[in-house]
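J.: Below you'll find the structure I mean.
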Amino acid sequence: MKNPHLKMSSFTLPREVLKIRSFARLIRAEMVLVYADFFRRKSLVIMYLAWPYISAAFMLMFGYSIGSPQFFVERVGVEPPLFLMVGSYLLFSIMTIVDDIMWRPIFDESSGVLPYVISSPTNVVLHYVSIPVPRFTLSIALGAAALLPISIVYRGFNGLLVSLTVVALSILSAVVFIPLATALGLGLYITGGENWRAINFLRPLLLTMTGVYYPRWLMSLPLYLLSSLLPPAHCVEVVQRVLAGMAELHKITVPLALAIALSILYSPGMLKTSAMWEFKKLREGVKV
Amino acid sequence: MIAEKLAKKFVTKKRVGLLRSHVEIVEALRGVSLRVRTGEVVGLLGPNGAGKTTTIKILSTLLLPDSGYASIYGYDVVREASEVRKLIGIMLTVEKGFYGRLTGRENLIYFGSLYGMEKQELEKRIDYLLDLVGLKELGGVDRLYEEYSLGMRARLALARALLKDPPVLLLDEPTLGLDPPSARRIRSLVRELASREGKSILYTSHNMFEVELVCDRVVLINKGVVAAEGTPEELKSKLPDVRTIEVYLKQLPEGLTEEMRKHGLEVREQNQAQDGLYVFKVLTRRPNEVVSDIMKLAVSKGADIVRIKIEEPTLEDVFVYFTERGVKD
């Protein structure tokens, strides 16, 4: 017999989501968590700052060994080091944020924190939306470390503007990715249980599809259409157009509008999966 | 806090071979009812798998019951979970439940923010609580949680449960594995919180001594049903009136125990005590009459009685009796 108490009403998004103060409190909590961990682990800071360089260097070595830089410039319109450095930065900025959201339920469960998070008066969706916010500030720092030097080398003073634009768009990429990443992550947990292997499979697929290392306008039509479903792919395209000097107004505004529209479109999915995930947890019992 | 006829079944799938799976249904709760009044500490006792943690999880809005009703301050734990969550403080485990790379204080800031507390209020409260649970004196305030001892972890867990000063506390084995000073600190705090601050506390433990010390009332559950409930004294009085009399002698005259058995006394465990005395036990429903019979018989056999001890039943006896019986009295 169905339990008469089992209604979804208590799991829907409350008005509190719209309250700035409660959201600010959650961001404060996440700031404490992210920064305390980040600055206590020197290896993490070094890895964080070095990763775009290492990744770009690897791609450059691979590229130079199989092709000509001149051909790359002719085809893409951007110098390979600058393009790959920007690509690595975008990838890393988006990846850390997506990881934060997707791994959090598993991490919280294994560390025994989840029961205290769920039994707090905080709404689950609000909590998940607040998780990546501290990473945005780290993205700015990473942008200064990874993008600024190379942009100034290749573009002079304009490099500063290019860097600022890329940092701003990387943050937007991450923000518009939150609804889809949350929906996919929690959706996976609902159907397959808390399984990090599934996340490990999904993550590179999503990130490759955003087109950070391959200009979207050069993609084949099926791949282009598929990647169009990912909101950050449109932001990545704008970044690449800015770098290639193809930034006509409509070629910037349309993709950005699309990214935001897709993000809004995926939001109900995020709300629904969050509610379903919480409901599943409560039905099975939150593990202690 | 009220729970009425709570029932919960867990369905687990076990893989049998490559394609087949076997469904197993475990009835964790089969109609548990209990009540905790304001300012009262109620002990929830039961053997492993009796349903204690399931009950605590339902009351702390972490598990949905299949049927039954539970409320805290009038709020339904299922329909009004968000209201209930504002009123409860929970401590579900001692050894984990915090972020290892944060200090004790940072962890409390994190959870306080999650509980919707304002910065100034939160900082004051954290200072007060760290002092209250004794983490300041142990130097645990700014130490990383992953470096904490079990005792410090338990204290921090209690501090978190008290962060928003909730009127209801749900504590699941809060002293499990703790050293005596930490366990004593937790026990005395729980007692104080109920008597001075009027908090309603549901407390589970396997330590009968502790339950007797801390709890005003005890609810004993076994196999998902309430087996007995009442104050520790009431529960002891429910036991069949059998007492154990221990008789200590300097030497054991030949034929004394046989003589006692002939007089209808139930003599058990005849052996030598550590201090060189001989000891035997007599089970009886009439301890006062039997003591005088024992003395008369012992004197007639020339025995030198050193001491006679009548053992009162303990809460452990109650626990064993009711869990073995498995039915509500």
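J.: Based on DSSP H runs of at least 4 residues, each adding -39500 (n - 2.57), what is the mean residue ellipticity at 222 nm of chain B after dividing by all its residues, to the nearest 500 deg cm²/dmol? It would help to have the intermediate numbers written out before the result.
T.: Numbers: 11 runs with 113 residues, N = 329.
Roughly -10000 deg cm²/dmol at 222 nm, from the helical runs in chain B.
J.: Let me ask something else. So for region A:42-110, what are the equivalent ellipsoid semi-axes in whole Å, largest first, each being the square root of 5 times an eigenvalue of the Cα gyration tensor? Intermediate results must be reported in sequence, preceding the final value.
T.: On the way: eigenvalues 197, 34, 18 Å².
The three semi-axes for region A:42-110 are 31, 13, 10 Å.
J.: Another question, if that's okay. Scale the Cα Rg of region B:243-312 by the rule-of-thumb value 2.2 N^0.38 Å and send over the ratio, two decimals.
T.: Values: Rg = 10.8 Å, N = 70, 2.2 N^0.38 = 11.1 Å.
Dividing the Cα radius of gyration by 2.2 N^0.38 Å gives 0.98.
J.: Using just the C-alpha positions of the protein assembly as shown as equal point scatterers, what log10 of I(q)/I(0) does the Debye formula give at each q in 0.08, 0.09, 0.11, 0.12 1/Å?
T.: After summing over all Cα pairs, the log10 values are -0.71, -0.84, -1.08, -1.19.
J.: Relative to the longest principal axis of the C-alpha atoms of chain A, give the angle of the C-alpha long axis of helix A:133-146, reported between 0 and 90° and rounded to the nearest 10°.
T.: 20 degrees
J.: Fewest to most neighbouring Cβ within 10 Å: what's the order for B:Thr55, B:Thr204, A:Thr253?
T.: Numbers: B:Thr55 30, B:Thr204 24, A:Thr253 11.
So the residues, fewest neighbours to most, are A:Thr253, B:Thr204, B:Thr55.
J.: Right, another one. Can you put A:Ile97, B:Ile25, A:Ile199 in order of Cβ neighbours within 10 angstrom, beginning with the fewest? Don't jump to the answer; show the numbers that get you there.
T.: Numbers: A:Ile97 27, B:Ile25 8, A:Ile199 20.
Taking fewest neighbouring Cβ atoms as first place, the list is B:Ile25, A:Ile199, A:Ile97.
J.: Beyond 14 Å, what percent of the Cα pairs of region A:104-176 remain? Let's see the in-between values first.
T.: Working: 1791 of 2628 pairs.
In whole percent, the share of Cα-Cα pairs in region A:104-176 beyond 14 Å is 68.
J.: Something else: For B:Lys52, go through the aspartates and glutamates and keep the ones whose alpha-carbon is under 12 Å away, minus same-chain ones fewer than eight residues off.
T.: Hits, sequence-local ones excluded: B:Asp172, B:Glu173.
J.: Taking each residue of A:122-132 in turn, how many C-beta atoms of other protein chains fall within 10 Å of its C-beta, and what is the average?
T.: 1
J.: Also: Relative to the longest principal axis of chain A, what angle (0 to 90°, nearest 10) does the C-alpha long axis of helix A:42-66 take?
T.: 50 degrees
J.: Show that you can apply the helix-only estimate: for chain A, add -39,500 (n - 2.57) for every DSSP H stretch of four or more residues, divide by all residues, and state [θ] at 222 nm to the nearest 500. Don't jump to the answer; show the numbers that get you there.
T.: On the way: 13 runs with 225 residues, N = 288.
Result for chain A: -26500 deg cm²/dmol, rounded to the nearest 500.
J.: What number does region A:16-284 give for Rg over Rh if you use C-alpha atoms and the Kirkwood radius? Spell out each step's value before the answer.
T.: Details: Rg = 19.1 Å, Rh = 19.5 Å.
Reported Rg/Rh, Kirkwood definition of Rh: 0.98.
J.: I'd like the orientation of helix B:104-114 relative to chain B: the angle between its Cα long axis and the longest Cα principal axis, in ° from 0 to 90, rounded to 10.
T.: That works out to roughly 60 degrees.
J.: I need the peptides B:167-180, B:8-21, B:105-118, A:208-221 ranked by packing, meaning the mean over residues of other C-beta atoms within 10 angstrom, with the highest value on top.
T.: Numbers: B:167-180: 20.1, B:8-21: 10.6, B:105-118: 22.7, A:208-221: 17.9.
Those peptides, ordered most packed to least, come out B:105-118, B:167-180, A:208-221, B:8-21.
J.: Taking Rh as the Kirkwood radius computed over C-alpha pairs, what is the Stokes-Einstein D of region A:57-204 at 25 °C in a medium of viscosity 0.890 mPa s, expressed in µm² per second?
T.: Values: Rh = 17.4 Å.
D = 141 µm²/s.
J.: Checking the cross-link filter: which aspartates and glutamates have an alpha carbon closer than 13 Å to that of A:Lys251, excluding same-chain neighbours under 8 positions apart?
T.: Result set, ordered by chain and number: A:Glu237.
J.: Another question about this same structure. Explain nothing, just the number: relative contact order of region B:243-312, from Cα pairs under 8 Å at least 6 residues apart, as a whole percent. Don't skip to the answer; put the middle values down first.
T.: Values: 118 pairs, mean separation 35.7, N = 70.
Value for region B:243-312: 51 percent.
J.: What number results when the radius of gyration of chain B, computed over Cα atoms, is divided by 2.2 N^0.38 Å? If you can, show how the numbers build up before the last one.
T.: Details: Rg = 25.3 Å, N = 329, 2.2 N^0.38 = 19.9 Å.
That ratio works out to 1.27.
J.: Which of the aspartates and glutamates could be linked to A:Lys280 by a straight reach, that is with a Cα gap under 13 Å, when you skip same-chain ones fewer than 8 residues away?
T.: A:Glu194
J.: Peptide B:49-57: average number of partner chain Cβ atoms within 10 Å per residue? Write out the running numbers ahead of the final one.
T.: Details: counts 0, 0, 0, 0, 2, 1, 0, 1, 7.
For peptide B:49-57, the averaged partner shielding equals 1.
J.: Give me the one-decimal nm value for the distance between modelled label points at A:Ile46 and A:Thr253, 7 Å along each residue's Cα-to-Cβ direction.
T.: 4.9 nm
J.: Here is a further query. I want to verify a result. In a Gaussian network model of chain B, Cα cutoff 10 Å, which of these has the top mean-square fluctuation: B:Ile294, B:Ile186, B:Ile90?
T.: Highest fluctuation among the options: B:Ile294.
J.: Using the structure shown, list the pairs from A:Lys281/B:Lys96; B:Lys13/B:Lys238; B:Lys8/B:Lys119 with a Cα-Cα distance above 31 Å, or answer none.
T.: Numbers: A:Lys281/B:Lys96 19 Å; B:Lys13/B:Lys238 41 Å; B:Lys8/B:Lys119 39 Å.
Those over the limit are B:Lys13/B:Lys238; B:Lys8/B:Lys119.
J.: For the protein assembly as shown, give the share of DSSP beta bridges that are antiparallel, in percent and rounded to the nearest 5; count only bridges with both residues there.
T.: Values: 43 of 60 bridges.
Just about 70 percent of them are antiparallel.
J.: Over region A:16-284, calculate the relative contact order: mean separation of alpha carbon pairs under 8 Å at least 6 apart, over the residue count, as a percent. Can you show the working numbers first?
T.: On the way: 275 pairs, mean separation 59.2, N = 269.
For region A:16-284, the relative contact order is 22 percent.
J.: With a 10 Å radius around each residue's Cβ, average the other Cβ atoms per peptide and rank B:210-220, B:225-235, highest first. Mind showing how you got there, number by number?
T.: Working: B:210-220: 21.7, B:225-235: 18.8.
Averaged packing, sorted descending, gives the order B:210-220, B:225-235.
Since every read-out is calculated from the coordinates, none of them should be taken as a lab result. Nothing here was measured: the structure is a model prediction, and the numbers come from that model. Backbone-built Cβ (ideal geometry, glycine too); neighbour counts: all protein chains shown.
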